[in-house]
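Visitor: Sharing a structure below in structure tokens format, with a few things to ask.
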Amino acid sequence: YADDDPLHRAEAFGLKPVQVMQTRVIGIQHVAKGEAVGYGGRFRAQRDTRIGVVAIGYADGYPRAAVDGTPVWVEGKVVPLAGRVSMDMITVDLTDHPAAGVGASVECWGDHVAVDDVAQCAQTIGYELMTKVTARVPKRVVDGQR
């Protein structure tokens with residue numbers, strides 16, 4: 001499982017990301033204070049909240065065990081996961097990122113969000129996340145120096 005020891009992280013060894021999990025925001029919903037989001041209503045809005053619906057889920061390899069607050073990068077800003085991961089979608093809190101809208105680029109892990117950070121939020125390791133990306137996710141190999 002993931003641990004908090006900074007010496008066990010990729011950065012401690014000078015390693016850089018070799019896999020980036022990207023997708024897009026496919027919808028925006030406005031949720032009133034007190035309303036719930038996600039299966040079982042796990043996330044309850046503490047304020048009027050702008051929720052981004054993102055096209056990625058556990059059927060793609062995003063960890064179902066990820067908790068509210070798991071970092072997700074949306075066009076220039078890290079925002080928190082808000083609600084339980086579903087089969088085909090996740091939801092993120094975009095309240096403090098008003099510029100992000102439908103079509104916004106999303107990075108689940110890679111250059112802006114360390115896979116180890118996502119893994120820690122899902123009580124696993126980064127290697128498990130990288131190897132569980134499913135066949136339905138389009139893959140593109142980029143050749144070049146990083």
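Visitor: How do the strands (runs of 3 or more DSSP E) wholly within the stretch 35-146 filter down when requiring 2 or more residues that are closer than 16 Å to Val20 by Cβ and open to solvent by less than 40 Å² (accessible area, probe 1.4 Å): which remain?
Guide: Filter on the stretch 35-146 gives 71-74, 105-109.
Visitor: What is the one condition in (1) open to solvent by less than 50 Å² (accessible area, probe 1.4 Å); (2) in a strand (DSSP E or B); (3) over 16 Å from Gly110 (Cα atoms) that Ile26 does not satisfy?
Guide: (1)
Visitor: Given the residues Val72, Val20, which is the only one that is under 21 Å from Met130 (Cα atoms), modelled with pLDDT under 95 and touching a strand residue (DSSP E or B) at 6+ places or on another chain (Cβ under 7 Å)? Please lay out each step first, then the result.
Guide: Working: Val72 fails: modelled with pLDDT under 95.
One residue alone meets the criteria, Val20.
The values are calculated or read from the model by the stated rules, or taken from the named source; none is laboratory data. These numbers come from a predicted model, not from an experiment. For neighbour counting, all protein chains shown are included, and Cβ atoms are generated from backbone atoms with ideal geometry for every residue, glycine included. When the accessible area is computed, the model is the full protein with side chains, heavy atoms only, and any ligands, DNA or RNA have been set aside. Shrake-Rupley method; radii C 1.70, N 1.55, O 1.52, S 1.80 Å.
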